[in-house]
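What follows is a single structure, written as C-alpha cells, with notes after it.
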Amino acid sequence: MVPMKPLNCLASRIVTAALAAISLVAMAESPAAGKAAAPPVNSAMDSNLFYQVLLGDLKVEDGDPGAGYSIFLDAARKTNDPGLYRRAVDIALQARSGESALRAARAWKQALPNSREANQLVLQILIALNRIGDTTQPLKADIALAAPDEHNMAILAIPRLYARAADKKLAASVVEKALSDELDKPATGAAAWTTVGRMRLVAGDTAGALEAARRGQALEPASEGPALLALELMGPKVPQAEPIVLKYLAGDDPAPEVRLAYIRVLLDAQRTQEARVQLHILTTKLPDFAQGWLVQGALQQQNNQDSSAQDSLKHYVDLVKAQNKEPANTGGLTQAYLLLSQIAEQRGDYGQAEAWLDRIDNSRDLFSVRGQRASILAKQGKLAQGLELIRAAPENTSADARIKLMAQVQLLRNNKKYLAAYDMLATASAKDPTDADLIYDQAMLADKLGRPAEMEQLLRRLIALKPDDPQAYNALGYSLADRGERLPEAKQLIQKALEYAPNDPFITDSLGWVEYRMGHDEAAARLLESAYKTNADPDIAAHLGEVLWTLGQRDRALSVWKEGESADSHNETLQETLKRLHVKL
C-alpha cells in the first residue's frame, strides 16, 4: 500500500475549519445519540456562505478574533442560524469583549424572539458586565419563555444567576420587580417569594427575607421553598423563622430532606434532644429514607451508643445498596464505613475495623481513611507508625497540608500526648499567627498541660483577633470559673459569649457553673436544667448533678449522673465529679 502524502499546513487548516463550519450549521439537525436519524435535510448553506464561515474560522485561528466575530455575526444575520449566533458570542467572550458578545446575543434575540437560549445569554452577559439595572426585562422574558411546568424551576434558579452581582441590594430590587407578576399567582407565588427572600437575605435584609418566607408559605403551605428559606434564616437572631419550618413539617407529607435539614440545624445549635425527636419521627414515618439512618447512626456513635449506632449504620448501608441510589464509595457510604470502623476499634476488634476501611477506595477520602488506620495502629501501641502513615499521605495543596497537621494533632491528643500536640500547633501557629482555629486548639492543649496563664494569653489573643467569637469568651470564662478565680470577670466573659450565641447549651452550662462557684445555687440549678434539657451532654450532667447534690436533691442528682454515665461512661468531668464527691452509681 502506498501511504498518502501529508497535507500541507494551509490545506490542513482549511479542512479543519471547513469541518468546523459544517458542524455549526448541521448541529441543530444532528440526531440525538442513540436515536434513529431523522430524514436528511439539505443545509441552507450555499457556497458563498460556506466560504464566509470558513474565512471567519481562519481569521480567529490567525489571531484576529474581531474580524472572525464580524464575519460570523454577518453570516448569522443572513441565515438566522442559532449555531452561527452562538459562535459569534463565543468568539467575543473568548476575546474578553463583553459588549461585542452582548451585541451578538441581542441580535440573536431580535432575530429569534422566542429563543430562550438567546434571551438567557443576553441576561447572563448583562449580569457579567455588572449592568444589573438592565436585566429586569430579560429576566421577565426568561420566565415567560420557560415551559409552563418549568416556571418554578426557572424562578428558583434566579439567585444563582445574580450570585456575583456587586450591588446586592440593586439585584434584589431588580429581581423583585421582574417577579412582580408571579408573586400573587397560586402556581408560582411560593417559588417567587422564596427567590425574593433569598435575594433579600443576600442583600442583608433579614427582616424582609423573613416576611418573604411567611408570604410564600401563606400562598402555598405545602411548598418546601419557604420552609427551606426559613431554615437559612434560623438562628439566635431570627427565632421567628422556626415556626415557618415547624408549620411546614406539621403538614401532610413534608419532604424528608427538609426535616433532615432541620435536624442538622438543630444539631449545629447544640439542640441535641430536639434533633433526636425529629430523627425518631423521620425514621418511623419514612423507614426507607436512608439518609435519616446515617444521621441517626452518626449521632448515636457520637454519644457512645455503639450498639445502636452500629445497627443504624448497617441499616443505612443495606438501604443504599438495595435502592441503588448511591454509587459505591461515595460520601454517605464512606462516612458510614468510617463510623463503623470507629465502633469496631472502640471495642478492640481491630480486624473488623480494618475490614470496614477496606470497603473504601474513594481517593477523595484518603486523609479520613489514613487517619482512621492511624488511630487503629495507635490503639495497638503503634502510635509512631500511625503518625508516619499520616505524614506519608500525598500533599498537593495547602489544604492537604492543613488536614495532615490536624490529623496528627488529633491522634496525639487522643493518645494523651498533649505536649507533642501542643508543640506541633505552636510551630504551625508561628507560621500563620492569624489562624484562629490553631490558636484555640493550642489554648485547649495548654489547659490540658496545666498551663492556665498560657491558655489565657492564647484566648485573649484569639479574642483580639475575632472579637465576635463566642467560644473564646466561653473557654476563658469557664476556665476561670472552674479554678474558682476572678469569678465576676469569669461571669462577664461568659455573658459576653451568650450575647453572640444565646441558645448555646454549653455556654449556658458555663454560666450555671460560675453561678454555682459564686454560691448562687438556685440560679445555677435553673441555668443547668435549661442547658441539660437542650443537650443531655455528660459534662452538663456532671455539673447539674453536683448542684442538685448540694441543694439536697440527691435522688435527682443520682438520676442525672446515671444518664450521663450511660451516655459516656468514660467522661472525665463526670468521673472526676463522682470521685470528688465520693459517689458510686
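The values are calculated or read from the model by the stated rules, or taken from the named source; none is laboratory data. Everything numeric here is computed off the predicted structure, so don't read it as measured data. Positions of Cβ are generated from backbone atoms using ideal geometry, with glycine treated the same way; all protein chains shown enter the neighbour counts. Accessible surface areas use protein heavy atoms only, side chains included; no ligands, DNA or RNA. Shrake-Rupley method; radii C 1.70, N 1.55, O 1.52, S 1.80 Å.
Data for the structure
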quantity	calculated
The chain: relative contact order in percent, alpha carbon pairs under 8 Å with at least 6 residues between	5 percent
Under 18 Å from the Cα of K177 - lysines, other chains or at least 8 residues apart	K140, K168, K169, K185
Fully extended contour minus Cα-Cα distance, from K185 to E576, at 0.36 nm per residue	134.5 nm
Exposure rule at most 15 other beta-carbon atoms within 10 Å, DSSP loop GluC sites (Glu not before Pro): the chain longest free segment	1-394
Rounded if a/c under 1.5, otherwise prolate or oblate - segment 284-355, Cα gyration tensor axes	oblate
Qualifying aspartates and glutamates (Cα of each under 19 Å from Cα of K109; at least 8 residues distant if same chain)	D74, D81, D90, E99, E117, D134, D142
Trypsin sites (Lys or Arg not before Pro) lying in DSSP loop within segment 230-277, provided at most 16 other Cβ fall within 10 Å	K237
Candidate lysines - alpha carbon under 24 Å from K59, same-chain residues fewer than 8 apart omitted	K78
Qualifying trypsin sites (Lys or Arg not before Pro) for segment 389-459 [loop in DSSP, other Cβ within 10 Å: at most 14]	K416
Shape call, segment 234-383: gyration tensor on alpha carbons, a/c limit 1.5	prolate
On Cα atoms only, tilt of 436-448 relative to the major axis of the chain in degrees	20 degrees
Residue-level accessible surface for W549, protein heavy atoms, 1.4 Å, Å²	50 Å²
Computed magnitude of the charge dipole of the chain (debye, nearest 20; Cβ of K, R +1, Cβ of D, E -1)	780 debye
Contact order relative to length of segment 51-207, as percent, for alpha carbon pairs under 8 angstrom and 6 or more apart	14 percent
Value of relative contact order over segment 428-560, rounded to a whole percent, pairs C-alpha under 8 Å and six or more apart	14 percent
Equivalent-ellipsoid semi-axes of the chain, from the Cα gyration tensor, Å, largest first	58, 31, 25
Rounded if a/c under 1.5, otherwise prolate or oblate - segment 470-550, Cα gyration tensor axes	oblate
Sorted largest first, extent of segment 414-513 alpha carbons per principal axis (Å)	34, 25, 23
Pairs of lysines in segment 427-585 (C-alpha under 16 Å apart; 8 or more residues apart or interchain)	4
Length released on extending from S307 to D149, taking residue separation times 0.36 nm less the Cα-Cα span	52.2 nm
Cα centroid separation - segment 367-415 against segment 454-517, whole Å	31 Å
Segment 246-309, accessible area per residue, ligands and nucleic acids excluded (1.4 Å, Å²)	49 Å²
